1. If you line up the long axis of helix 121-139 against the longest principal axis of the chain, both from Cα atoms, how many degrees apart are they, to the nearest 10?
2. Compute the Kirkwood hydrodynamic radius of the stretch 140-192, taking the inverse of the mean of 1/r over all pairs of distinct Cα atoms, and give it in Å to one decimal.
3. Given points 7 Å out from each Cα along the Cα-Cβ axis, report the ALA76 to THR9 separation in nanometres with one decimal.
4. Nearest 10 degrees, 0 to 90: what angle lies between the long axis of helix 55-76 and the longest principal axis of the chain (Cα atoms)?
5. Please list the equivalent ellipsoid semi-axes of the stretch 63-192, computed as the square roots of five times the alpha-carbon gyration tensor eigenvalues, in descending order and whole angstrom.
6. Any number yet on Rg/Rh for the stretch 1-52, C-alpha, Kirkwood?
7. Along the charge dipole of the chain, which of LEU150, ILE119, GLN73 sits closest to the positive end, that is, farthest toward it, with unit charges on the beta carbon of Lys, Arg, Asp and Glu (+1, +1, -1, -1)?
8. So what's the angle, to the nearest 10 degrees on a 0 to 90 scale, between helix 83-97 and the longest Cα principal axis of the chain?
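Read-outs throughout are calculated quantities, based only on the coordinates presented, and are distinct from any laboratory measurement. Not measured: the values here are computed from a predicted model. All Cβ positions, even for glycine, are placed from backbone atoms using ideal geometry, and neighbour counts span all protein chains on display.
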Amino acid sequence: MQKAIQKRTLKTRARLISAAEDVIRNEGYEALRVEDVVQAAGVAKGTFFAHFRDKDALMEILMADTLNACLDQAEAGKPPGTVPEIIVALEPVHSFMTAERYVFDLLIRHSGAVAIAEIGPIAYFFERYFRVVMMWLDEAEVRKDVPSDLLAEGVQAFAIQAMSLKYCALHASTSFSDRLKVYLEAWLTPAR
């Protein structure tokens, strides 16, 4: 009996996720409402909250899945060896992160955790991003006077800074990629 309940629960959760993906595909992340998801999934609103604490919890799962797929793509390619190659390799990740202001805001809110019990899929994604970049930097044509873990933290920090300035009226005239290139060249280029 428990297996039947578990199968039904998993199917309902999958239906909710699929319905949310359809809404997002048609209207974007910011437009997603719980009411639209439950209507599309054909379930009661209470059923949604039995599976997800709130809309953000569902969004966190969906966004982390997309980000991890982008990072899978980046890892599948040839490891980048220069700053321009690193920017190109991470472009799908950064492009998704800056696709909508709502997406960026939610990612930043969920990028860390206040307690071990609250670590979610976005926080894990940010840790994975850091590890992938660190691995690339170990072999890349970058400065070697700073440990690769610190360099990777800098890449992540500069990427987030460049993203945040994309949404700032005073700095919106410079593209994300151009700003990131300036930051990373200054941070990663060996001293001459």
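1. It works out to around 30 degrees.
2. Working: mean 1/r = 0.0855 Å⁻¹.
When all Cα pairs of the stretch 140-192 are included, the Kirkwood radius is 11.7 Å.
3. 3.3 nm
4. With both axes taken from Cα atoms, the answer is about 40 degrees.
5. 22, 19, 14
6. 1.03
7. Selected residue: ILE119.
8. The answer is roughly 20 degrees.
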